Each structure stands twice: as C-alpha cells, then as structure tokens.
1. Any idea how far the Cα center of segment 154-192 sits from the one of segment 81-108, in Å?
2. Net charge near His244, counting Lys/Arg +1 and Asp/Glu -1 over other residues with Cβ under 10 Å of its Cβ?
3. Where the accessible area of segment 360-414 is counted over protein heavy atoms with a 1.4 Å probe, how much of it, in %, is carbon and sulfur?
4. Report which label in [x] 226; [y] 167; [z] 147 holds the value of volume of the Cα convex hull per residue in Å³ derived from the coordinates of this structure.
5. Can you give the accessible area of Lys243, probe radius 1.4 Å, in Å² rounded to 10?
6. May I ask you to give the solvent-accessible area per residue for segment 34-121, in square angstrom, as obtained with a 1.4 angstrom probe?
7. Using a 1.4 Å probe, what is the accessible area per residue for segment 152-263, in Å²?
8. Per residue, how large is the accessible surface of segment 268-416? Use a 1.4 angstrom probe and give square angstrom.
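The values are calculated or read from the model by the stated rules, or taken from the named source; none is laboratory data. If you're wondering where the values come from, they're calculated on a predicted model, not measured in any experiment. Here Cβ is always computed from backbone atoms with ideal geometry, including for glycine, and neighbour counts include all displayed protein chains. Surface accessibility is based on the protein's heavy atoms, side chains included, excluding ligands, DNA and RNA. Shrake-Rupley method; radii C 1.70, N 1.55, O 1.52, S 1.80 Å.
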Amino acid sequence: MLRDKPQTIQTSRDISSIEPNAIRPKPMNLPLSKTSKRLASLDHSAWQVHLDAMQRLKDGESIIPLSLGDPDFNTPDYVNVGLIEAIKRHRTHYSSAGGEPRLKEELAKLETRLSGHIRNPNQFTIFQGATGAIHAVLNCIANPGDNVVTTDPKYLGYDPTCASVGVELKAIAMSPPRFELGVDTLLGAVDSRTVAILINTPSNPVGSVADPADLRRLADECAKRSIWLISDEVYSLLWYDKKHVSLLNVAESIQNTIVIDSLSKSHAMSGWRVGWTVSSEEFANRLEDFALGAFFCGSQFVQDGAMFALKHNTEQVQKMVAQYKARRDYTLNRIKRIDGIDAERPDAGMFVMANVHEDSGPFARQLLDETGVSVMPGTACGECTRNYVRIGLTQNVDTLKTAWDRIESWFNLRVK
C-alpha cells in the first residue's frame with residue numbers, strides 16, 4: 001500500500017530563506033536571585049593571569065604555572081587501588097547524607113589519636129571538599145546580613161563562598177611581614193552582627209602556623225561571646241619547621257568550635273572532593289540535614305578510597321611533604337639572589353608570598369607576558385598583600401630552576 005505523499009504547507013514566507021540571526025527570542029525579564037547577582041558582581045580579575053597562562057600552556061607555549069594550589073603529584077597508587085576495589089564490590093549506590101559510616105569511624109580514630117581527646121564518628125560530616133564543608137557550615141550558622149570575621153590576607157575562595165550565602169566577610173589586616181594570627185585584632189572586629197570568626201591554620205597564602213596558646217585564647221573568647229570559631233585546617237599535614245596543632249587539641253569545649261579538613265592537599269586528591277567537619281554531635285546533625293537537602297549524598301566508592309588513604313597515609317604523605325620543603329627552600333634561596341623581591345620563610349603550606357614592592361596585578365601580568373611564568377597577584381588574597389605575589393610550590397625543583405632563571409634574568413633587565 002502506497003503512503004500518501006506528504007503535503008507541502010504553503011506559508012507567506014519561506015522559512016529557509018530567513019537568516020539565522022534574524023530569529024531571535026523576545027527578550028524576557030526573568031527573575032534572578034540576589035545570590036546570583038552577588039556572585040556575578042565579585043571581582044575575579046586577579047584570576048585572569050592564571051587563566052591566560054593555562055590557555056597559553058594548552059596552546060603549546062612554554063608556560064610555567066606557579067599560580068594555583070593544585071598538587072602536581074598524582075594520587076598515590078595505593079589509594080587508587082582502594083577505590084577500584086570498592087567499585088569491583090559494587091559500592092556505587094546511595095550513601096548516607098552525612099557520609100559513609102566507615103569513613104567517619106576512621107576519621108574518629110585518627111583525630112582521637114592526634115588530639116588526645118575521644119572523638120566519635122557522629123561528630124564528623126563528609127562534604128564535597130573543604131569548600132563544600134564551609135558552605136554548609138555558613139548556611140547552618142548565619143543569615144543574610146550577618147558577618148564572619150577573618151584575616152587579611154585570606155584564602156581567596158572565602159569570598160565567593162560567603163557571597164553565595166549572603167554573609168559579609170570582614171577581612172581584618174594582620175601585621176606584615178609574616179601576617180601571623182592576631183587574636184586581639186580579630187576580636188576587636190567582632191560586632192553585633194558577627195556569628196563567627198574564621199581562621200586558617202596552617203594558612204593559605206602565607207604559610208603561618210597558629211600558636212596553640214593563641215588558639216586556646218581565641219576559643220575561650222568566642223565561647224564567652226557566644227559566637228562560633230571555625231578553623232580551616234586543610235594544610236594540617238603540610239608543615240615543615242613549626243608543628244601544626246589543631247584547634248581540636250586545645251579548645252576547652254567543642255560546642256562552639258568547628259574544624260574543617262580535607263584530603264586535597266595532603267594526599268594529592270584535589271579532584272576527589274573529599275572534605276569533612278568535626279563539631280559537636282548536635283551541630284553535626286544540623287549539617288547532615290543541610291547536606292540531605294543540598295546534595296542528598298556523596299559517592300560510596302570515593303569515600304571508600306578516602307578511608308583507604310587515611311588508613312595507610314604516613315609514608316607517601318611524608319615523601320610529598322619533604323619535596324614541598326625542598327621546593328620551598330630552593331624558592332627562598334633564589335629570591336635572596338634578586339634585588340627588588342623578598343619573602344618570609346613559610347612554616348607550612350605550598351606557597352611562598354613574595355613582596356615585589358609594587359602593585360601585584362600589573363607585575364604578574366608583565367611577568368607572564370615577558371617570561372612565561374605565572375604567579376597569583378596578592379590582591380586575590382586581600383588588600384594588605386597588594387604588593388605581594390603568591391608563588392606555588394607545585395612544580396619540581398628542575399622546573400622551578402627554569403622558572404627562576406627566567407625571573408632573575410627578567411629582574412636584571414628591569415633594573416638596567
């Protein structure tokens with residue numbers, strides 16, 4: 001049976017003759033949230049040097065990126081084996097909103113051993129990285145219009161996280177040249193709208209390690225004022241000269257304290273997105289409620305791999321720490337040879353903050369364009385480091401030598 005021929009519909013205008021750009025949807029005034037508008041208004045210009053460097057590297061140019069804090073090490077093989085074995089066991093289903101019980105048990109054992117205080121698994125909540133943890137914490141303690149006091153310089157990711165929650169981030173300048181934690185300075189910035197003080201030890205970007213006495217006093221004062229104390233400790237294992245002591249070791253009470261950590265830096269697992277909080281059980285329940293509503297749950301097999309990393313972490317982590325230390329020392333030795341740039345010795349972390357004695361934005365741009373080496377302008381971390389650049393220790397010493405040969409030659413030409 002023959003099918004009927006399709007009929008040709010006559011129109012007053014042949015659509016095929018219309019230029020593609022001539023068909024435009026009618027403009028609509030669709031609503032956008034205040035959160036979206038706040039995030040869109042943030043100044044990301046300091047990132048542009050890094051973004052341009054990575055594009056030029058992709059295009060085949062001889063670029064040496066020292067502008068980002070992503071470890072150049074691969075995740076240790078034994079951790080990958082743990083994840084693969086979990087997949088083979090079909091650990092690919094829904095998890096608990098607060099995190100896999102076995103991972104929380106391993107964290108509790110670890111923190112009990114390190115702090116000397118008994119921690120139980122119900123005090124831990126697992127998130128998508130430390131940023132996810134901070135975002136959840138702020139959502140559970142703050143309302144739009146509240147403020148959180150932190151240090152200047154600060155980790156450059158705090159601004160968008162606070163903006164997404166509608167919280168004002170009050171960054172208070174610490175004293176140069178080491179920018180160490182100033183307890184009195186932070187407490188002096190607390191006002192009627194302050195819900196928390198947020199500290200970062202060991203710190204990004206300056207690599208300072210807070211004194212235990214300062215942590216204890218800050219915790220006591222926050223308790224007296226009925227505000228939260230949040231300690232971001234993602235560099236807790238990357239210390240060199242001055243041992244990191246966690247807030248968990250010294251705080252009299254955990255009722256108003258929250259510690260945040262992750263595996264991103266210590267185990268070269270930045271892409272795994274495994275972070276966690278340690279808090280009171282009562283607050284952990286609040287965080288789990290938020291996690292359930294925000295992302296439902298994490299991945300079983302990823303958390304199994306994280307548990308494997310924590311159980312077998314000592315040797316590989318110490319090897320990475322030793323290499324970071326060698327890179328730090330090499331970088332400082334090269335800086336000493338150059339007039340016009342100087343730096344303090346960081347106690348921890350994976351960066352050196354160098355004072356270039358001029359506006360870091362134009363400096364970093366010119367450095368990239370004329371040497372192919374990218375560094376992060378200090379303006380990304382705060383106003384008080386406007387004349388500084390953050391130099392990553394995320395390349396091996398041979399690559400650092402090439403970078404510093406270029407930088408030193410460039411400085412010498414600038415002086416002539």
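1. With segment 154-192 and segment 81-108 each reduced to a Cα centre, they are spaced 35 Å.
2. Once positives and negatives cancel, what remains is 0.
3. Numbers: 900 of 1940 Å².
Answer for segment 360-414: carbon and sulfur cover 47 percent of the accessible area.
4. [x]
5. Answer for Lys243: close to 130 Å² accessible.
6. Heavy-atom accessible area per residue stands at 61 Å².
7. Solvent-accessible surface per residue comes out at 35 Å².
8. Accessible area per residue: 42 Å².
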